[in-house]
1. Quick test of your reading of the structure: residue 304 fulfils all but one of (1) part of a helix (DSSP H, G or I); (2) buried (at least 16 other Cβ atoms within 10 Å of the Cβ). Name the failing condition by number.
2. If you take just the helices (runs of 4 or more DSSP H) that sit entirely in the range 207-296, which of them hold at least 1 residues that are touching a residue at least 60 places away in the same chain (Cβ under 8 Å) and closer than 16 Å to residue 190 by Cα?
3. Any chance the range 71-89 includes a residue that's at pLDDT 85 or above, in a helix (DSSP H, G or I) and under 16 Å from the mean Cα position of the chain (by Cα)?
4. Would you point out which residue out of 350, 342 is within 17 Å of residue 100 (Cα to Cα), without any contact (Cβ under 8 Å) to a residue 24 or more places away in the chain and assigned to a helix (DSSP H, G or I)?
5. Of all residues in the range 110-161, how many are closer than 25 Å to residue 74 by Cα and within 16 Å of the chain's Cα centre (by Cα)?
6. Conditions first: (1) surrounded by 22 or more Cβ atoms within 10 Å (Cβ to Cβ); (2) at pLDDT below 90. Residue 315 passes all but one, so which condition is the exception?
7. Evaluate the range 307-317: report whether one residue or more is farther than 19 Å from residue 128 by Cβ and part of a helix (DSSP H, G or I).
8. Test residue 95 against the stated conditions and say whether it is in contact with a helix residue (DSSP H, G or I) (Cβ under 7 Å, 6 or more places away or on another chain), buried (at least 21 other Cβ atoms within 10 Å of the Cβ) and at pLDDT 85 or above.
């Protein structure tokens, strides 16, 4: 959806509605207000998407962009000047729990600061928000999965950069900036941050295995739905396409980019859970059906954009329902929420990158399956 679509002006200071984005937001509102079972399911999924994903994305983005502002450096420029260390640095950012580091590398690629190998490295290395769950529940497994994903990401990125052919760089604006300058921290940015912080707290509590419904009660739904509403408003009134201008404040950049990612996450959550709820599809049953195909299933689920299905795979592993090989294959093949801005900025590159990550995922998954079948189970 283009950010240049004819806009509808609102009250001063509120921006302009982008008709296509506003139509999507309206559809989501109608779904949320629909009678049971659709309405309650939709509201529950919106809440889950905000506290399970958006809160963590917001936290990692504010960490990266805040560090840029505090220490007066640009991560994209640093990656560009890293030369031979560009791929390892990109893989390290991807291996950071959450999706913020990988989103930063995707942004650097879209502005021409890094090569395609860096994108493959970061998307291969990232485990997305599922890393938080694994660290909280199986830190011993996390100590294997995260470093191994990091190493595989580096090797994959170097191999891709060594492949023959012209440099695959996207179009650059010429100024090195990704988007128009907003220039100020707006009330809606602060409002989004006000929901994101308690959303992060609720999400962390949920990762600990606690019953967040019993602990937070209606507050959780207020935070989830309120944050979703503000995020949809920011997205539907934004002039930006997917990424922000590096000169804007960290809070504004966090609000804009998290809102963009959150819309895609909501769409992924709704698509998956609607199918599960209304068609009888059972991913857990699918995993338990054919043992030799479990590693491959983990890899294939990793191709689904977003973190929801990947969190489910990690949950199945923690519960002892799938082997470590499936988790490892999923960790390497999944691209987390960073795939959403990649799709928006350069769909062809996004598809190529995620397909490239599938090859080492299959190799590593079946390596563990055949050579170390009982490892970390």
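The values are calculated or read from the model by the stated rules, or taken from the named source; none is laboratory data. In this text, all values refer to a predicted model and were calculated from it rather than measured experimentally. Don't worry about glycine lacking a Cβ; one is built from the backbone with ideal geometry, like all the others, and counts go over all protein chains shown.
1. (1)
2. Details: elements: 212-216, 218-236, 250-279, 283-289.
Once the helices (runs of 4 or more DSSP H) in the range 207-296 are filtered for at least 1 residues that are touching a residue at least 60 places away in the same chain (Cβ under 8 Å) and closer than 16 Å to residue 190 by Cα, what remains is 218-236, 250-279.
3. No, because not a single residue in the range 71-89 is at pLDDT 85 or above, in a helix (DSSP H, G or I) and under 16 Å from the mean Cα position of the chain (by Cα).
4. Details: 342 fails: without any contact (Cβ under 8 Å) to a residue 24 or more places away in the chain.
Criteria check complete, one pass: 350.
5. 11
6. (1)
7. no
8. On the way: in contact with a helix residue (DSSP H, G or I) (Cβ under 7 Å, 6 or more places away or on another chain): yes; buried (at least 21 other Cβ atoms within 10 Å of the Cβ): yes; at pLDDT 85 or above: yes.
In short, yes.
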